[in-house]
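The values are calculated or read from the model by the stated rules, or taken from the named source; none is laboratory data. Small disclaimer: the values here were computed from a predicted structure and weren't measured. A quick note on method: Cβ atoms are made from the backbone with ideal geometry, for glycine too, and the neighbour counts reach across all protein chains shown. Keep in mind that these areas ignore ligands, DNA and RNA; they rest on the heavy atoms of the full protein, side chains included. Shrake-Rupley method; radii C 1.70, N 1.55, O 1.52, S 1.80 Å.
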Amino acid sequence: MQTLKNLFALLLLLTSSTLYAQQAPEGISSELVILNVKTGEQKTILKEVRHFEAPNWSRDGKYLLINSGGHLEKVDFDGNKLGQIQPDKISRANNDHGLSFDGKLLVISKSDQDFGSRVYTVPLAGGEPKLITPNHPSYWHGISPDGKTLVYCAQRDGVWDIYSIPTAGGTEKRITTAEGLDDGPEFSYDGKWIYFNSNRTGRMQAYRMKPDGTGAEQLTDDALDNWFPHPSPDNKSAVIISYLEDQKGSHPFGKDVKLRLLNVETKEIKDLTKVFYGGQGTINVHSWSPDGEWIAFVRYHKP
């Protein structure tokens with residue numbers, strides 16, 4: 001029976017759109033980059049022959065947070081490594097992690113061996129991780145500005161949708177019901193919208209909806225696969241990662257992608273980067289600087 005449970009958990013991990021469609025090849029180089037969305041300036045913060053992912057910008061603006069090998073690491077803007085966050089208590093973390101708006105609470109998705117990914121919270125200053133989503137698999141992406149609600153992508157009864165749950169724990173609520181995969185939910189800074197991506201019309205596109213799941217509005221409609229709209233601090237734009245080719249509802253590593261800036265009112269889009277080697281791990285989670293001028297992302301380089 002335990003063997004069957006482990007096999008089922010493995011199948012859930014392999015079918016999840018938020019984990020690798022393929023593993024990063026041995027010898028891959030990861031480049032942690034910050035990009036000014038107004039001027040286009042790019043700065044390389046850290047480049048190493050190893051695999052790391054999914055930067056968050058700390059709410060106080062002092063460091064970047066990345067995950068590697070199941071642990072969370074802090075890196076300052078001179079590329080200095082500031083150490084792992086509570087490595088004795090945080091392990092098997094995947095690339096869906098981030099901080100509350102007040103910077104005090106860390107939210108992580110953790111790939112538990114027998115259950116697949118589940119969502120935990122832990123005080124950034126230290127403390128015991130608290131399981132928030134007993135149901136699995138669950139992949140966290142957003143927290144409300146008041147810190148009271150988490151939103152996440154979850155598979156229930158074979159269907160991927162977006163759910164919300166009180167940050168303190170409680171009963172989860174399904175807030176999308178459309179056909180297809182809904183993923184990457186993230187609150188706007190004013191709390192009025194949840195931004196997300198969905199392939200409900202065929203190709204993956206960016207959307208937003210009200211926090212209760214009503215009023216869904218499609219924001220992109222082009223031939224690219226558009227994932228993970230991260231709303232800006234001024235609530236006027238969102239950064240998206242766009243695959244050049246149709247990924248059929250998957251979010252794989254090692255593809256041709258580019259970052260683009262979406263005006264959420266006019267729906268105009270402009271390129272922020274040239275095409276580069278990336279995808280899974282590049283910009284899965286919120287990565288805006290507190291002043292709204294920069295974003296952080298990871299660019300990969302083949303061996």
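Within region 112-129, take every residue that is open to solvent by 30 Å² or more (accessible area, probe 1.4 Å) and in contact (Cβ under 8 Å) with a residue 60 or more places away in the chain and give me the one that is nearest to G69 (Cα to Cα).
Residue satisfying both the conditions and the ranking: Q113.
If you check D157, D102, D190, D182, which single one turns out to be in contact with a strand residue (DSSP E or B) (Cβ under 6 Å, 6 or more places away or on another chain) and either charged (D, E, K, R) or under 19 Å from V285 (Cβ atoms) (or both)?
D182
Filter region 65-81 down to residues that are among the hydrophobic types (A, V, I, L, M, F, W, C) and under 16 Å from D96 (Cβ atoms), then give me how many there are.
Of the residues in that region, 3 qualify.
Determine whether D102 is touching a residue at least 40 places away in the same chain (Cβ under 8 Å) and crowded, with 22+ Cβ neighbours inside 10 Å.
No.
Report, ordered by the first and then the second residue, all pairs with beta carbons closer than 8 Å, sequence separation of six or more or different chains, a first member in region 65-94 that is without any contact (Cβ under 8 Å) to a residue 40 or more places away in the chain and closer than 17 Å to K130 by Cβ, and a second member that is outside any loop (DSSP other than H, G, I, E, B) and small (G, A, S).
Matching pairs, first to second residue: L72/A93; R92/S111; A93/S109; A93/S111.
Applying the selection to region 161-204, what residues are closer than 27 Å to K248 by Cβ, β-branched (V, I, T) and open to solvent by 10 Å² or more (accessible area, probe 1.4 Å)?
I175, T177, T201 - these are the residues of region 161-204 that are closer than 27 Å to K248 by Cβ, β-branched (V, I, T) and open to solvent by 10 Å² or more (accessible area, probe 1.4 Å).
Could you tell me whether any residue of region 56-66 is within 12 Å of V298 (Cβ to Cβ), surrounded by 15 or more Cβ atoms within 10 Å (Cβ to Cβ) and among the small types (G, A, S)?
no
Give me the strands (runs of 3 or more DSSP E) completely within region 217-303, filtered to those with at least 3 residues that are touching a residue at least 12 places away in the same chain (Cβ under 8 Å), open to solvent by 10 Å² or more (accessible area, probe 1.4 Å) and over 19 Å from I143 (Cα atoms), ordered by residue number.
255-263, 294-301
Restricted to region 164-217, and to residues that are touching a Leu at 6+ places or on another chain (Cβ under 9 Å) and of a type in the set (S, T, Y), which residue is farthest from D102 (Cα to Cα)?
Applying the filter and picking the extreme gives S198.
What number of residues in region 69-87 are open to solvent by 20 Å² or more (accessible area, probe 1.4 Å) and assigned to a strand (DSSP E or B)?
Adding up the residues that qualify gives 7.
Got a number for residues in region 138-193 being in contact (Cβ under 8 Å) with a residue 12 or more places away in the chain and assigned to a strand (DSSP E or B)?
Of the residues in region 138-193, 28 are in contact (Cβ under 8 Å) with a residue 12 or more places away in the chain and assigned to a strand (DSSP E or B).
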